[in-house]
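Notes to accompany the following structure.
The values are calculated or read from the model by the stated rules, or taken from the named source; none is laboratory data. What you see is a predicted model; the values in this text were computed from it and never measured. Positions of Cβ are backbone-derived with ideal geometry, glycine not excepted, and every protein chain shown enters the neighbour counts. Just so you know, the surface numbers come from the protein's heavy atoms only, side chains and all, with ligands and any DNA or RNA stripped out. Shrake-Rupley method; radii C 1.70, N 1.55, O 1.52, S 1.80 Å.
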Amino acid sequence: MKFREWQYLREHPAVWRILLGIMVIPLVYAATFLASVWNPYGELHRLPMAVVNQDRPVKGLDWGQSVTRSLVRSQTLQFHRFTEKRALQDLHSGKVYLILRIPSGASWQLSHLGRRAQVLKVTYETNAGQSAVAAKMGNSAMQKLQATLNREVVQSELAQLQTSSAKLGQQLGETSKQLAQTTQAVAAGMVSPQVTAADLAISQGLQQGSRQIGAQVQTTARLKALSAPIKLVQHDVAPIANNGTGMAPYFMAISLFVGCITLNIIYDAGKRHGRARNFLTAWIDKMAFLWGFVILAASGMWLGVWYINGLRPLEPVKTYLFGLLVIVAFFSIVTCFRLWLGLTGAWLMLLFMLFQIGCSGGTYPIELTNKLYETVHPYLPMTIAMTGFRHTISLGGSIAPIIGILVGIIIVFSLGTLGYFYAHRQDPVND
């Protein structure tokens with residue numbers, strides 16, 4: 001039995017390189033993607049959050065300062081003490097993922113908890129439009145924090161009530177002892193106006209002490225009934241309709257890049273057709289056709305997410321037009337590498353796309369991955385595209401800087417493809 005395929009591979013070593021290149025694709029995809037989602041909840045202490053302390057202290061209690069200091073020093077959460085203005089700016093820009101705001105009357109309300117059993121509402125803000133997963137992780141962390149704060153406040157208040165009750169009990173015991181002495185004096189015939197007045201005062205003291213102890217017992221019962229005096233309330237500055245809306249920028253960017261790679265593998269953009277054409281005419285003819293093709297592909301993607309998935313962006317027209325710009329930019333990058341390096345360039349672009357999937361922070365916040373991913377993250381084309389999509393889909397605001405970057409990418413890599421056509425201007429053309 002002859003192994004014809006092995007014989008063919010020995011005779012054509014270039015095929016070996018292609019097969020080895022294909023072999024590493026599963027490795028790269030699995031390794032890079034898994035590295036981005038390996039242990040995000042174990043890295044929650046790296047997720048930046050802000051605490052804004054608006055509390056005004058009262059005599060004997062500065063609860064806002066105490067909580068702020070505890071959060072900033074925490075080893076399980078990464079809280080930073082910010083002003084209101086800076087915290088909101090960083091939340092909208094994605095530099096922090098949550099703002100915990102301690103209200104101005106927190107200390108006063110907690111200091112009157114024994115007499116006024118009211119729930120203290122502490123708000124925290126998230127930004128699901130920036131990262132739906134980070135908003136969910138922040139919500140989970142705040143539920144645990146709420147339980148911790150409630151436990152500490154209730155334990156502290158109960159300890160104060162027990163101390164106060166003990167003091168009242170001691171005072172009542174002394175008063176009872178004085179009353180017993182007075183009673184003995186009366187029985188011995190030692191009644192005088194001073195003794196009678198003392199008797200009256202002691203009786204009043206006993207009644208007052210009994211009332212105070214009764215009030216303390218009632219307060220303790222109210223406090224036990226109000227086992228959760230603190231409630232953390234979530235507010236999202238950029239709410240999203242569902243999880244798909246939050247993940248749409250990620251998957252839309254991936255699909256556009258995949259489309260560009262597939263086109264360049266199947267269709268040879270460097271092959272010219274027709275005679276008597278200079279390099280510029282050939283380049284315009286080729287790029288006009290391919291640009292039109294990828295624009296149609298992006299339009300098809302848009303119709304799919306709109307009619308099939310039901311995506312409803314904040315700015316639909318801008319989202320569609322931005323998608324067209326993104327696919328032209330991606331196509332310019334991939335085509336430039338494909339022309340100059342052949343199928344090896346397409347293979348490199350495939351690996352580059354797989355690397356971007358892990359480094360773009362589309363699943364979990366990039367701060368929860370590793371330092372390498374966090375370092376290269378802002379400079380990746382897919383990251384830039386996702387940022388623009390987030391603005392048009394859920395965040396709003398200007399995307400002018402992002403458009404400028406994508407236009408720059410198109411110009412630079414289009415010049416690269418034009419340079420290829422110039423360098424191969426003497427190559428024979430195909431009819």
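Filtered by the rule that a residue be open to solvent by less than 50 Å² (accessible area, probe 1.4 Å) and in contact (Cβ under 8 Å) with a residue 60 or more places away in the chain, region 287-309 gives a lone residue, Met287. Within region 104-134, the only residue that satisfies the criterion of being in a loop (DSSP other than H, G, I, E, B), buried (at least 23 other Cβ atoms within 10 Å of the Cβ) and hydroxyl-bearing (Ser, Thr, Tyr) is Ser131. Consider region 1-41 and keep the residues that are aromatic (Phe, Trp, Tyr) and either part of a helix (DSSP H, G or I) or closer than 30 Å to Tyr373 by Cβ (or both). The one that is most open to solvent (accessible area, probe 1.4 Å) is Trp38. The sole residue among Thr417, Thr387 that is open to solvent by 10 Å² or more (accessible area, probe 1.4 Å) and hydroxyl-bearing (Ser, Thr, Tyr) is Thr387. Of the numbered criteria (1) in contact (Cβ under 8 Å) with a residue 12 or more places away in the chain; (2) among the polar types (S, T, N, Q); (3) out of contact with any strand residue (DSSP E or B) (no Cβ under 7 Å at 6 or more places or on another chain); (4) under 25 Å from Lys95 (Cα atoms), the one Gln160 fails is (4).
Of the candidates Gln89, Gln65, Gln75, the single residue that is in contact with a Lys or Arg (Cβ under 9 Å, 6 or more places away or on another chain), of a type in the set (S, T, N, Q) and either assigned to a loop (DSSP other than H, G, I, E, B) or surrounded by fewer than 19 Cβ atoms within 10 Å (Cβ to Cβ) (or both) is Gln89. Residue pairs whose Cβ atoms lie under 8 Å apart, separated by 6 or more positions or on different chains, with the first residue in region 12-32 and more than 14 Å from Ala346 (Cα to Cα) and the second part of a helix (DSSP H, G or I) and of a type in the set (Gly, Ala, Ser), are Thr32/Gly358.
Quick one: in region 310-333, of everything that is over 28 Å from the mean Cα position of the chain (by Cα) and hydrophobic (A, V, I, L, M, F, W, C), which residue is surrounded by the fewest Cβ atoms within 10 Å (Cβ to Cβ)?
Here is the first cut: in region 310-333, the ones over 28 Å from the mean Cα position of the chain (by Cα) are 328, 331-333.
Filter once more, so that each one left must be hydrophobic (A, V, I, L, M, F, W, C): 328, 331, 333.
Details: Val328: 22, Phe331: 31, Ile333: 19.
Here the residue is Ile333.
Condition (residue is more than 30 Å from Thr281 (Cα to Cα), open to solvent by less than 10 Å² (accessible area, probe 1.4 Å) and of a type in the set (S, T, N, Q)) applied to region 362-373: is it met by at least one residue? Scanning region 362-373, I find no residue that is more than 30 Å from Thr281 (Cα to Cα), open to solvent by less than 10 Å² (accessible area, probe 1.4 Å) and of a type in the set (S, T, N, Q), so the answer is no.
Screening Phe352 with (1) touching a residue at least 12 places away in the same chain (Cβ under 8 Å); (2) farther than 13 Å from Ala269 by Cα gives one miss only, at (1).
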